[in-house]
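What follows is a single structure, written as structure tokens, with notes after it.
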Amino acid sequence: MNALAARRRHPAAIALLILLGLVVTGVGYSVLAPKTASATTASASQVEEGKKLFLANCATCHGLQAQGTKAGPSLAGVGAAAVDFQMGTGRMPMAAPAVQAPRVNEVRFTQEQIDAVAAYIASLAPGPAIPSPEYTSGENANVALGAELFRVNCAMCHNFAGSGGALTRGKYAPNLRDIEGKHIYEAMVTGPQSMPVFNDDNISPEGKNDIIAYLHAVDKQENRGGMALGNLGPVSEGLFIWVFGLGIMIAFAVWLGRKAA
Amino acid sequence: MSDNGTPHGEVVSHGGDDFGSDAVRLDQGHIEGSGGLPARFENPGLPPHVARMSDLSEKAAKRAEKQVATLFGIASLATIVFIIAYFTVDPEMTAFVPGIGEANPYNVILGVCLGLALLGCGMGAVHWAKTLMPDTEMVEERHPQRASDADRQRAVDNFLQEGGKSQIGRRPLIKFSLAGALALPPLALVLPLVGGLGPLPKDNLSKTIWKKGDRLVRDPELTPIKADQVTIGSVYHVLPANIKESHEVLEDKAKAAVLLMRLDPSIIKSKKEIDWGYDGIVAYSKICTHVGCPVGLYEQQTHHLLCPCHQSTFDVTEDCKVIFGPAKRPLPQLPIEVDSEGYLVARSGFHEAVGPSFWERG
Amino acid sequence: MSSTPYDADGLRRGDKAPETPYSPGMKKIGGVAGWLDDRTGAAKPIGYLMKKVFPDHWSFMLGEVAMYSMIICLLSGTFLTFWFVPSAGQVVYDGSYVPLKGITMSEAYRSTLDISFDIRGGLLIRQIHHWAALLFIVALSVHMLRVFFTGAFRKPRELNWVIGCILSMLALVEGFAGYSLPDDLLSGTGLRAAEGFMRSVPVLGSYISYFVFNGPFPGESIIPRLYSVHVLLLPAILVGLFTVHIGLVFVHKHTQYPGPGRTNNNVVGFPVMPVYAAKAGGFFFIVFGVVALISGLVTINPIWAYGPYDPSPVTAGSQPDWYMGFADGALRLLPGWLEFEAFGFTFSFNVMIGAILLIPVMYTLMALYPFLEAWVTGDKREHHLLDRPRNRPTRTALGVAALTMYGVLMFAAGNDLMAIKLHLSINDITHILRAAFFIAPVIAFWVTKRICLSLQRKDRDLVLHGRETGRIIRTADGKFFEQHEPLDPYARWNLVDYDTDQPLQLEAPADENGVASPTARKDRVRAALSRFYFDDSVPAVTPAELAAAHHDGHGHEAIEGAPADEDRPALESSRREAPPRP
């Protein structure tokens, strides 16, 4: 009986570890601290500073004139928004070549440095600017409309609660929990990596603000019924009931069947 | 297999022998009984009973009694807390709950109280049974499942002889008309059910509400789209403008949902795709040709469309043909053009049925 | 009775006085119980029932977990019906959940939101209902595995196994119907796929779809229809079949594991009164308590987050509840080329195999298994003693192989989540699982069978040579050996109480006149199957073998227990010097 019980628990332990991993991943995203957004006009010295930073950190892949190489695309016309998004979320500079640049919690550059590089890139060719805080705060917005926009335009990749989802060949749509409104907005207007572009004609700035408001609401309200299990849908629920539900039941059944001391 | 105990009943013991016992070959390497030894070990019988602590000392029994009472006490206490919480805790209140984070503790409090109440009840009863109720194992005899031959005979006799008195065997007219009377009337019950279940599909599955000249509008805002608003890399979730007049919005939407993308025309490999599009803007049905989930996941760099349900992958540069997954057919394309005001409109409806395959889609 | 009905006393004249004086206990509960017994005669069966004996083992509680979860579902479900509105009529939400205010949705979805947010304790009951449903199917599945691997499905319990299979399949359908009722985005996507499944049926597909949905998908009929199926039709059948199921358990009496004192002709355990009544009754509360705790602490199916159903949006990670996972996984693995057109018609086998055929075929095979095994063994005896899985290596291996196949399909249903959580490519995972569906069961079969045979040999070794005591003895002539302690008869009995079938040999394929037996072909299949099952079985130790091992120390060969004429070399499983007989 003991041997049987031990065998039952063994795979359960692995599943438990996976589950723990999921929970830890979820919690891990809550570390990123929000920063103040500033959309100031670029000065010449800022562009100069940005160029220096670009040559030191980005030019290896994107070329000396940001014209692009085999390793990285041209940055002409991507706009300040793209730079602020990619560097502000730690995706750029990439640590190692991969199918997709992952978000990194520890951003290596200060906001001033990022703004400088953004100013430099924006000076090369016109592109989407860093959005005005009016549309990225998620305040004075219609959460319900944002939720509807999110479901139609975003949920198919990012999941109903922004938990992320898989794309083809190892690419993925990242988790959207606890992301700064500015970065959400910038991702929509610039279409980083696999993500399509949602320009202001597609989803208006107000609509984007509504989406941001919805995502902020999700950040706050996920725990109505208890632990959210990563908001991954029925798979994590099934895993939970198999590991914990069945595990607890068997533990009680063993206790019940064992002779008292 | 193991009826090594005291054989009980005449049917059970070695009933298997009546089938081909000659055919079963005893292996010679396996020694069964020689030199006066039995062929099998004897069942040693129940092991001697081992007394529990509570059987041996009244103190232990008293302790067990207290434990049981404590568990039952927890049950009552938790129920009282449940009742108080039900009325006093505000369901909208939020607080930090360890292990869950910022949450509405209302559900947690109710669940934990109910859980503890029931667990206290149950664990108390089980602990009581384990420690204080008799734990000497009882033996109950089994009897063969089948009835005795006499009983069987009586049942058969009753059926044939007494049943025979109905004269059903002698009166074929009754027999056959009865068969008909039993078989046919249920049809009268089934027919209205099946007949009333739903309309015939006719060619509805092959049609959508897209018509020539319908403007493409954004989902969910239902505003029209100008061609120059669709930049390269964009994806628009689109419905026909006449969805506004529809009386069956969800039903029409379920077939008419469309995905609008703009690609660099130079990378589009299909001539038909370019022809049916407008300057690299192409519109494809969003309903998967596998089982009908919305294929919404557009990767703007690889130009792949992925279905989140079963991972069918379509290549937009090759007229949305399937490059991976369980779907077979490409997504149908909606021919589009631009009207006089610069808005995108349908050039015609879909040229084939959208969505999952069906027998007569042909 | 009395023929002189003139006055009340006259009426009573015929009353019989009690034949024996009441015992004190009889007086105590005699009143109401006696009144009832006067009218029902229930004392006899109830008295018998209270003495009924149930064997104790944790694995016997799995079925009880399933039963109790079902009861919890019935209780909590009744609660939910008081508020749930099974209607697809469109309304605008104006409840207390802000992120959905002003959104158009069905009444079904709105009422589910109201249960979750506006009815005190409603969310808890909803979560209890859903968690208990998941636990129900988990428990009944594991219960089925226990029954399968211990051979509890053998005569006379084949019928009950078949009933159990039907129950299990209906539970899946019941679960899916319930999952679809709230009309949220996830369940609507499930219905959307189900409509696609129906269409894949040859000839009738589109008709079935239109009949089930009363017109084009989604329509307004599917929710009320599913509701009626979910709360009335299927529960009635489930409860009815379940009553038969548990009734047959009473009729057959429970099986028991082999052990000292336990035979095929008795049941050893605890009587219903008082021990089992307390244990089983208490266990109901334990199961309910655990479900309540889980429902208080862990969210299930947060329908408010999914949003109302709309055919245009969809969410990443669109999966059914776990018990439908294997069918969904099959759909993910089936290749597209299984769909083709011929004679102007479309054959969608890429959908039909996984969505329409898989579940009935799987359950039919499961239900038929007891009959297949009985045919192969030719065994017509009743079996009330369970098999230890190791003592039936081929059955155990077959079970694990089937389970592996099922597992591959179930994992396939989570391929997208595996891809993001393990940083793998979803395409690679799918390719690997496609191959694994065919390869993994074969490996699982082989490995399981080898493990079973090794465990059997280990048991033989233990019986023949006893436990290793760890004491090293030096004999007078300088030899060393480890002393072994013979097993006591009780421990030994656990290891030797099983029979081994021998492969059936073909009887003469033709009679003396050279006329082939009419059943020759069937016999050959049967003999081949029998060899497949029992060719390498390891028989239990006999007293003679134990004596031989004690006598001459040449008992090692007997550990293998293989037929002597087999050319397979005996496994050298022990290199120890056997202890001299004391």
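By the rule of a C-alpha distance below 25 Å, with chain neighbours fewer than 8 residues away ignored, the lysines paired with B:Lys202 are B:Lys211, B:Lys212, B:Lys244, B:Lys253, B:Lys255, B:Lys286, B:Lys328.
Within region B:265-362, which GluC sites (Glu not before Pro) sit in a loop by DSSP and count at most 12 neighbouring Cβ atoms inside 10 Å?
Numbers: sites: B:Glu273, B:Glu299, B:Glu318, B:Glu337, B:Glu341, B:Glu352, B:Glu360; in loops: B:Glu341, B:Glu352.
The qualifying sites are B:Glu341.
Under 5 Å from the amide H of A:Gly72 lies no amide H of any residue 5 or more positions distant or on a separate chain, with H modelled from the backbone and absent for Pro and chain starts. Calculate what fraction, in whole %, of the accessible area of region A:131-222 sits on carbon and sulfur atoms when a 1.4 Å probe is rolled over the protein chains. Carbon and sulfur together cover 50 percent of it.
Shielding value for A:170-180 is 3, the average number of Cβ atoms from other chains within 10 Å of each residue's Cβ.
With a Förster radius of 41 Å, plug the Cβ-Cβ distance of B:Leu189 and B:Asp157 into 1/(1 + (r/R0)^6) and report the FRET value to the nearest 0.05. Here the calculated transfer efficiency is 0.70.
Taking each residue in C:153-160, count the Cβ atoms of any other chain within 10 Å of its Cβ, then average. What number comes out?
Values: counts 0, 1, 2, 3, 1, 0, 0, 0.
Taking the mean over all residues of the peptide, I get 1.
Take every pair of alpha-carbon atoms less than 8 Å apart whose residues are at least six positions apart; their mean separation over the length of chain B yields a relative contact order of 11 percent. Between the DSSP loop rule and a limit of at most 14 other Cβ atoms within 10 Å, which trypsin sites (Lys or Arg not before Pro) in region B:222-272 are left? Those satisfying the criteria are B:Lys269. Loop sites here are chymotrypsin sites (Phe, Trp or Tyr not before Pro) outside DSSP states H, G, I, E and B with no more than 12 other Cβ atoms within 10 Å. The longest part of chain C free of them is C:83-342. Kirkwood's formula applied to the C-alpha pairs of region A:36-130 gives a hydrodynamic radius of 13.1 angstrom. Put simply, the Cα atoms of the protein assembly as shown extend 108, 106, 83 Å along their principal axes, the longest span coming first. Across region B:46-177, C-alpha contacts under 8 Å between residues 6 or more apart give a mean separation that, scaled by the residue count, equals a relative contact order of 26 percent. R0 = 25 Å: FRET efficiency of C:Ser228 with B:Lys207, Cβ-based, nearest 0.05? For R0 = 25 Å, the calculated efficiency reads 0.25.
Annotation: region B:164-217 has a Kirkwood hydrodynamic radius of 16.3 angstrom, from the mean reciprocal C-alpha pair distance. For chain B, the equivalent ellipsoid derived from the Cα gyration tensor has semi-axes of 69, 42, 29 Å, listed largest first.
Treating each Cα of region B:53-131 as an identical point scatterer and summing with the Debye formula, the log10 of I(q)/I(0) at q = 0.11, 0.17, 0.18 Å⁻¹ comes to -0.41, -0.71, -0.75. Ignoring the sites themselves, chain C has its longest run without GluC sites (Glu not before Pro) in a DSSP loop having at most 10 other Cβ atoms within 10 Å at C:20-511.
Between C:His431 and C:Tyr490, what length in nm is gained on full extension when 0.36 nm per residue of separation is reduced by their alpha carbon distance?
Numbers: separation 59, 0.36 × 59 = 21.24 nm, distance 5.16 nm.
Full extension of this stretch gives 16.1 nm more.
Between 0 and 90 degrees, rounded to the nearest ten: what's the tilt of helix B:58-88 against the longest Cα principal axis of chain B? On a 0 to 90 degree scale, this one is about 30.
For region A:36-130, carbon and sulfur atoms together expose 59% of the accessible surface, with a 1.4 angstrom probe and every protein chain in place.
Evaluated on region C:133-267, the Kirkwood hydrodynamic radius is 17.5 Å, with distances taken between all distinct Cα atoms.
In whole percent, what relative contact order does chain C give with Cα contacts below 8 Å and a gap of six or more residues?
Working: 728 pairs, mean separation 82.3, N = 582.
About 14 percent, as a whole number.
Chain B packed on chain C takes about 10900 Å² of accessible surface away from a 1.4 Å probe, both sides summed. Helices assigned as whole DSSP H runs in chain C whose Cα atoms extend at least 18 Å along their own long axis and whose mean Kyte-Doolittle hydropathy is 1.0 or higher are found at C:61-81, C:122-149, C:158-180, C:234-252, C:277-297, C:358-377, C:393-413.
Summarise the partner chain shielding of B:349-360 as one whole number: the mean count of Cβ atoms from other chains within 10 Å of each residue's Cβ. Can you show the working numbers first?
Values: counts 0, 0, 0, 0, 2, 0, 5, 15, 12, 16, 14, 7.
For this peptide, the per-residue mean of nearby foreign Cβ atoms is 6.
When restricted to Cα atoms, chain C yields an Rg and a Dmax of 30.9, 107 Å, respectively. Near B:Ile323, the amide H atoms lying under 5 Å from its own belong to B:Thr313, B:Phe314, B:Asp315; only residues 5 or more places off or on other chains count, and H is placed 1.01 Å from N.
Along its first, second and third principal axes, ordered by size, region A:162-218 spans 34, 25, 14 Å in Cα coordinates.
Note on region B:206-361: the C-alpha convex hull projects to 8.6 nm² when averaged across all orientations.
Taking N as the residue count of region C:322-389, its C-alpha radius of gyration divided by 2.2 N^0.38 Å amounts to 1.69. Between B:Lys165 and B:Met138, the FRET efficiency estimated from the beta carbon spacing at R0 = 56 angstrom works out to 0.75.
The values are calculated or read from the model by the stated rules, or taken from the named source; none is laboratory data. Just so it is clear, the structure is predicted and the values come from calculations on it, not from any experiment. Quick reminder, even Gly has a Cβ in these numbers, built from the backbone with ideal geometry, and neighbours come from all protein chains shown. The accessibility values were calculated without ligands, DNA or RNA, using every heavy atom of the protein model including side chains. Shrake-Rupley method; radii C 1.70, N 1.55, O 1.52, S 1.80 Å.
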